[in-house]
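Presented below is the structure to which this report refers.
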Amino acid sequence: MAKFIIEGPVKLKGKVKIQGAKNAATPILAASLLTSQPCVLENVPRIADFFKMVDILISLGAEIKWIDSHKLQVVNRKIDPLKIDQSLVRAMRSSILLLGPLIARFRETIISEPGGCLIGNRSIQTHLFGLKSFGVQIEQKRNVYHLKAKKIKAKEIVLPEFSVTATENVMMLASLLPGETIIKLAASEPHVQDLGRVLMKMGVKIEGLGTHILKIKGKRNLKGFKHRIIPDPIEIGTFIVAGALTRGELEIEPIIEEYLDIVLLKLRQIGVPFKIKDNKISLSPAHKLHSFKIQTLPYPGFPTDLQAPFGLLATQAQGTSLIHDPLFEGRMGYINELIKMGANAILADPHRAIISGPTPLYGTDIRSLDLRAGATLILAGLVAHGQTTISQAEIIDRGYERIDEKISELGGKIRRED
């Protein structure tokens, strides 16, 4: 177990280099299984989840070569889908992304129920529904799934919900099927679009990226690819909130502005001063933060992964804010940790929190709970008076590269103890 020890309050100042998006890197690495040709990924984040996905591919027989610290080549010539390391599958949620490419290329695989953060009930039924729609046969024994695809073909399907990873699985399966697949109620998040661009480089024809209806024309044989992962919108949002909370002056780059529309709109309404130029966002100290309301929604709505940082921001805003996250019933656990620090907050139910401010926060012993909550509590420690100790720090490593080092470079007083 690791922990972060933070001394606050501080004012952050400096430049932040944004990593490649976690939620784009893992599905794109999974997509490399669709071909035996070399694939090169650039701007990959050096985070625990990506390293685990690399290890899973190695267990399958992949040849992985790191070209530099953020660039690797993967060659999947000698893959055995039945040799997958089930313990690694159970350790991370993103392993579910292997279903689509493995069943598309090899027509059979066995995989355990994936693990991940404890943020609520995260059923894989939409994934199974999507695969079954193509004709995949699925047998379940306890928490292990045996998938076979004797006769599968392109077709039109309607997903039961806007599931990001289910959309990605179906996209990858459809990519190796001749004919046209139409996916309705498809997710449209930036990382879904990034995966789509990779599949197109591999030879797939895709219409509708960024919308909720995708038309995919697959091929029996796909090419390798070279692709640069998009900058992580969630890390961008996290550091924007860090700057706003500490009344800091930050330059954050690179960003893709169109992927942040609703986040930037909310920041303007709250009173966070910033300018955007040349794929860079520059923050000035905020004099007064206004209360607000947010409801998380599928893209282009407000992202659930930024709900917790904005919940913390509400503790320093003037008035009463309402945070509503209907997607996951376990995402509000960080509120109880903020209450320990002095926040004036009420959990109305598992999906809604009412937060009044501004209130001073005070350092204490708290725990990460999940990836996004953990990063949020680091920010709470930066604005709190005194020492904050955050246990289960390794959870945060799943999605943020060197977060403690980056914060230290900006003037934050944070150290890690293993």
Self-check item: Flag for V44 being more than 15 Å from the chain's Cα centre (by Cα) and part of a loop (DSSP other than H, G, I, E, B)
Solution: no
Apart from one, (1) within 28 Å of G203 (Cα to Cα); (2) hydroxyl-bearing (S, T, Y); (3) surrounded by fewer than 23 Cβ atoms within 10 Å (Cβ to Cβ) all hold for S112; the odd one out is (1)
Flagged in the range 200-232 as closer than 14 Å to S188 by Cα and not in a loop (DSSP other than H, G, I, E, B), in numbering order, are I206, E207, I213, L214, K215
Exactly one of I294, I323 is under 17 Å from I240 (Cα atoms) and assigned to a strand (DSSP E or B), and that residue is I294
Apart from one, (1) over 22 Å from F302 (Cβ atoms); (2) in contact with a helix residue (DSSP H, G or I) (Cβ under 9 Å, 6 or more places away or on another chain); (3) modelled with pLDDT under 95 all hold for L410; the odd one out is (3)
Residues of the range 367-389 being modelled with pLDDT of 95 or more and over 19 Å from the mean Cα position of the chain (by Cα), in sequence order, are A380, G381, L382, V383, A384, H385, G386, Q387, T388, T389
Taking the range 198-216 and keeping residues farther than 22 Å from H127 by Cβ and either charged (D, E, K, R) or surrounded by 23 or more Cβ atoms within 10 Å (Cβ to Cβ) (or both) leaves K201, K205, E207
Scanning the range 386-416 for residues that are more than 11 Å from I6 (Cβ to Cβ) and either in contact with a Leu (Cβ under 7 Å, 6 or more places away or on another chain) or assigned by TED's automatic domain parsing to the domain that holds N43 (or both), the one surrounded by the fewest Cβ atoms within 10 Å (Cβ to Cβ) turns out to be G411
### Message
For the range 338-353, check the following and say yes or no: at least one residue is buried (at least 21 other Cβ atoms within 10 Å of the Cβ) and assigned to a helix (DSSP H, G or I).
### Response
yes
Being in the same structural domain as A317 (by TED's automatic domain parsing), under 23 Å from I378 (Cα atoms) and surrounded by fewer than 23 Cβ atoms within 10 Å (Cβ to Cβ) narrows P254, P298 down to just P254
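The values are calculated or read from the model by the stated rules, or taken from the named source; none is laboratory data. As the structure is a prediction and not an experimental result, all values here were calculated from the model. Quick reminder, even Gly has a Cβ in these numbers, built from the backbone with ideal geometry, and neighbours come from all protein chains shown.
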